[in-house]
Amino acid sequence: MDRDAELRRWLATPRRTWRWNRGETEGYDAVEASGAVLRWYRWSHRAEGGGAHDLVLQAREAFLRDGPPRPTPAGVLDQLRAHLASEQSE
């Protein structure tokens, strides 16, 4: 496996990220759309054990068929669906 080539390919893939929280200050939920995969995760701002956790990878088709794997605000879902539709039309 050529790790440098994989990293370049990953960095070159267009992506968009949506973040939201429910009023908490220690982190947020997010979904990142990149190519045919959606990356759902929770982010923690804590010094110890912080960063991304509860990662769920979901195929674009699975999202369009089944919806999100966790509760997500309607406005985020509307923007995500519009983004995915615009990618399909390109």
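The values are calculated or read from the model by the stated rules, or taken from the named source; none is laboratory data. Only a predicted model underlies this, so the values are computations on that prediction, with no experimental measurement involved. Methodologically, a virtual Cβ is constructed for each residue, glycine included, from the backbone with ideal geometry; neighbour enumeration extends over all protein chains shown. In case anyone asks, the SASA skips ligands and DNA or RNA and just uses the protein heavy atoms, side chains included. Shrake-Rupley method; radii C 1.70, N 1.55, O 1.52, S 1.80 Å.
Side notes on the structure shown:
- Solvent-accessible surface of the chain, averaged per residue with a 1.4 angstrom probe and all protein chains in place: 68 square angstrom.
- Estimated purely from DSSP H runs of n ≥ 4, each contributing -39500 (n - 2.57), the mean residue ellipticity at 222 nm for the chain is -11000 deg cm²/dmol once divided by its residues.
- Label positions at residue 88 and residue 59, each projected 7 Å from the Cα along the C-beta direction, are separated by 1.5 nm.
- Applying 1/(1 + (r/R0)^6) with R0 = 30 Å to the Cβ-Cβ distance of residue 12 and residue 77 gives a FRET efficiency near 0.65.
- Fully extended contour minus Cα-Cα distance, from residue 32 to residue 66, at 0.36 nm per residue: 10.5 nm
- From the coordinates shown, P(r) over Cα pairs in 10 Å bins from 0, in percent corresponds to which of (i) 16, 42, 28, 11, 2; (ii) 14, 44, 32, 10, 0; (iii) 11, 22, 19, 13, 15, 12, 7, 1, 0: (ii)
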